[in-house]
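Peer 1: This structure is in structure tokens; I'll ask about it shortly.
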């Protein structure tokens, strides 16, 4: 595996780092103040950041090589260090139009959308003019298994009629969220559970889309994107709003979640790295007559954090490389590994950093508490730890059994 960045990527790393230091970090406090003043609107300072990044051609880094007309056309491995840098700030990814859930939705539209869908929704998303949401999770079923979802999608003439109950729909509270990709069942009686689902584009202003409330995360509504609870009450959309075709929803979801999972992990590595650097600075603080960094426990926490971050970083890069070489399906197991490892690592590092900062570590003066909430959330987002471990363990045992059988046959 090649650890040296190409000149193209090294240039982007330097440019993104400089942009973060010059524009993003200094804007964090103002961003928070503007969110408090207008909870569900994109803060004006974010629009300014996006305009500056776009003007400097630092935009849509996440789209892969097949979509150079929309982006720089980076591989997953090339994108990884940029996502890590952007992930150091809560507002970093959006400034470059690389934030979830829009990234996943743009990939879906670029890969599976038809020309009309791309013109109506992909273009404004790529331009950063609107936001979007992905509606899959439901409160009444175990949505970690997407085949369990119950939202119904019935064809009535030239319209789909959608009825269902969704929650934790990230991004749907934002006033700039104009469209959702909704996953439901168009063929609930299909003998194959993986061909019962479809995904349909639903504009937020469609009659019958009832936003019930923002769901809280650790007591916060997570503005300005939020996580909406939504009731779909006889929502009618045109037949042409379906993506790819009937029964293709599970297939689309699997294609969407691979990159989405590793993008979260890339950002979490950057977030944890920033927390480690903050720990090193805080350790200069004098307590009981000597600097904190003289204490063995403080040194151990910093050392363990550095080791864990580097381990997660390397596994993230390897997962990205495997995705580039063999595709998302070939990288399934290693994506599961990093999805298990990175959020847990970030939780541990953020917890140590908060402890070292004392009460201030829990306050709005540092990003640590919101960073911890994000890391803890990602242990559930795009599949909980237990599902990834269950499937990974199954695959490992299956592969080892096959290897043993082969070896025995060759004796």
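Just so you know, all these numbers are worked out from the coordinates, no wet-lab data involved. Since we're looking at a predicted model, the values are computed, not measured. Neighbour counts are summed over all protein chains in view; Cβ atoms, including those assigned to glycine, are modelled from backbone coordinates with ideal geometry.
Peer 1: Apply 1/(1 + (r/R0)^6) to the Cβ-Cβ distance of residue 187 and residue 33, taking R0 = 60 Å, and write down the FRET efficiency to the nearest 0.05. It would help to have the intermediate numbers written out before the result.
Peer 2: Numbers: r = 49 Å, r/R0 = 0.82.
Efficiency, rounded to the nearest 0.05: 0.75.
Peer 1: In percent, what relative contact order does the stretch 260-393 have, based on Cα pairs under 8 Å that are 6 or more apart in sequence? Mind dumping the intermediate values first?
Peer 2: Numbers: 136 pairs, mean separation 41.2, N = 134.
This gives 31 percent for the stretch 260-393.
Peer 1: Could I ask something else about it? Just to verify a number: FRET efficiency for residue 284 and residue 3, C-beta to C-beta distance, R0 = 35 Å, to 0.05?
Peer 2: Numbers: r = 32 Å, r/R0 = 0.90.
Step by step, r from the Cβ atoms, then E = 0.65.
Peer 1: Counting helices only, and only those DSSP H runs with n ≥ 4, report the 222 nm mean residue ellipticity of the chain as the sum of -39,500 (n - 2.57) divided by its residues, in deg cm²/dmol to the nearest 500. It would help to have the intermediate numbers written out before the result.
Peer 2: Details: 12 runs with 200 residues, N = 411.
For the chain, the value works out to -16500 deg cm²/dmol.
Peer 1: Let me ask something additional. I'd like the per residue volume of the convex hull spanned by the Cα atoms of the stretch 132-243, given in cubic angstrom. Write down the numbers at each step before the final one.
Peer 2: Numbers: hull volume 10.3 nm³, N = 112.
With only Cα atoms used, the stretch 132-243 gives 92 Å³ per residue.
Peer 1: Using 0.36 nm times the number of residues separating residue 145 and residue 210, minus their current alpha carbon distance, what extension gain do you get? Mind dumping the intermediate values first?
Peer 2: On the way: separation 65, 0.36 × 65 = 23.40 nm, distance 2.48 nm.
Taking 0.36 nm per residue and subtracting the Cα distance, the gain is 20.9 nm.
Peer 1: Quick one: if you stick a label point 7 Å off each Cα along the C-beta vector at residue 234 and residue 364, how many nm between them?
Peer 2: Modelled inter-label distance: 4.4 nm.
Peer 1: Follow-up. Hey, what angle do you get for helix 249-282 against the long axis of the chain, alpha-carbon based, 0 to 90 degrees rounded to 10?
Peer 2: For helix 249-282, the angle is close to 20 degrees.
Peer 1: Tell me, what is the FRET efficiency for residue 10 and residue 306 to the nearest 0.05, using R0 = 25 angstrom and their Cβ-Cβ distance as r? Let's see the in-between values first.
Peer 2: Working: r = 23 Å, r/R0 = 0.92.
E between residue 10 and residue 306, to the nearest 0.05, is 0.65.
Peer 1: May I ask you to derive the relative contact order of the stretch 53-197, considering only C-alpha pairs under 8 Å and at least 6 residues apart, and to give it as an integer percent? Don't skip to the answer; put the middle values down first.
Peer 2: Working: 200 pairs, mean separation 25.4, N = 145.
Relative contact order of the stretch 53-197: 17 percent.
Peer 1: Could you work out the relative contact order of the chain, using alpha carbon pairs under 8 angstrom and six or more residues apart, expressed as a whole percent? Working shown, then result.
Peer 2: On the way: 667 pairs, mean separation 57.8, N = 411.
Relative contact order here is 14 percent.
Peer 1: Specify the angular offset, from 0 to 90 degrees and rounded to the nearest 10, of the alpha carbon long axis of helix 385-410 from the longest principal axis of the alpha carbons in the chain.
Peer 2: 90 degrees
Peer 1: Still on this structure, I have one more. Distance in nm between label sites at residue 52 and residue 299, each 7 Å beyond Cα in the beta-carbon direction?
Peer 2: Simple spin-label model gives 4.0 nm for this pair.
Peer 1: Give the shape of the stretch 250-407 as rounded, prolate or oblate, defined through the alpha-carbon gyration tensor: a ≥ b ≥ c are the square roots of its eigenvalues, a/c under 1.5 means rounded, and otherwise the shape is prolate if a/b is larger than b/c and oblate if not. Numbers along the way, then the final one.
Peer 2: On the way: a/c = 2.90, a/b = 2.09, b/c = 1.39.
Prolate.
Peer 1: For the stretch 7-113, just say rounded, prolate or oblate: build the C-alpha gyration tensor, square-root its eigenvalues into a ≥ b ≥ c, call rounded for a/c under 1.5, and beyond that prolate if a/b exceeds b/c, oblate if not.
Peer 2: Details: a/c = 2.25, a/b = 1.38, b/c = 1.64.
Note, shape of the stretch 7-113 comes out oblate.
Peer 1: Further, regarding this structure: What is the helix-to-structure angle for 368-378, meaning the angle in degrees between its Cα long axis and the longest Cα principal axis of the chain, kept from 0 to 90 and rounded to the nearest 10?
Peer 2: Orientation of helix 368-378: about 40 degrees from the principal axis.
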